[in-house]
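Taken together, the values in this text are just the output of simple stated rules run on the coordinates, not laboratory data. Owing to the predicted nature of the structure, the values given are computational and were not obtained by experimental measurement. Note that we place each Cβ from the backbone using ideal geometry, even for glycine, and neighbour counts take in every protein chain shown.
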Amino acid sequence: MTGPGYRWNHRPSGRQGEREPRASRHSTPGPGWTARQGCGAWALGSGAAGSGAKGHDLPSQVSHWNPAPPGDFVQLPVPIIQQLYHWDCGLACSRMVLRYLGQVDDSEFESALQALQLTRSIWTIDLAYLMRHFGVRHRFCTQTLGVDKGYKNQSFYRKHFDTEETRVNQLFAQAKACKVLVEKCTVSMQDIQAHLAQGHVAIVLVNSGVLHCDLCSSPVKYCCFAPRGHRCFCRTPDYQGHFIVLRGYSRAAGCIFYNNPAYADRMCSTSVSNFEEARTSYGTDEDILFVYLDS
């Protein structure tokens, strides 16, 4: 099964740059930072492994590139785009990925949404079709080819389950004919790191109630998906699906770097163990959409 994106009860206060700023504990690269290339992967050269870069768009062109040790530290310049509503985290992630690839303006993206008839219930298979629409090389890996009927009574899925089941199953059935690459397979952390080390990115479905950013405000925790001032509801027993974009990792720090579309101003980081727990939670089907730089 391929889960829909995160639904929450509060609407973000505006487009990127329009939200009331909240204090960020993410470290900011110094004025003279450079980037390094290693085996086709981009890495910030100014910060120690595991340190965060402030989450604004990174420069699209960098004048100085130096070799980096292959596969030890990767941090890709994926732009951050904030979701606008409670239901469009997957679309915001798709915008980030397409902009990273240097493709698509806003009007083209909106036209694609209309052509694919994407509404307020966005599943991972929808994002795969969106990548195919733009001719982007992709690979969608999941544990279930279709809708898992076992989720029907879960609170997260219950509202849209009956209306969406037929539509989503049809998308899976037609995927091969539509040249949408879908595979039932298990993806390891090594597979993900190897993908990122080549400069590629991935959109991942996670349980937001489990995922915890080590760079976000502490010790008082505010959930990444609640407006400023609302208490965190992390570790809720209920599944809460949310899409994020993977942009790198640090082997030394044992962490994963990612963009969270609920934020407009930061890159996030979590431990490999926490990321694995969040992406393999019951409800995600371990959905991961690999997207390739050479599209």
- Query: Whose amide H sits under 5 Å from the amide H of residue 247, counting only residues 5 or more places off or on another chain, with H placed in the peptide plane?
  - Reply: 257, 258, 259
- Sorted on mean Cβ neighbours within 10 Å (highest first), peptides 78-85, 243-250 come out as 243-250, 78-85
- Note on the structure: Highest mean packing first, using Cβ neighbours within 10 angstrom, the peptides 189-198, 282-291 sort as 282-291, 189-198
- How much length is gained if the chain between residue 214 and residue 116 is pulled fully straight, taking 0.36 nm per residue apart and subtracting their Cα-Cα distance, in nm to one decimal? 31.6 nm
- Task: Give the peptides 90-103, 264-277 in descending order of average Cβ contacts within 10 Å, highest first.
- Result: 90-103, 264-277
- If amide H atoms are built 1.01 Å from N in the plane of the peptide, which residues on other chains or at least 5 residues away come under 5 Å of the amide H of residue 207? 279, 281
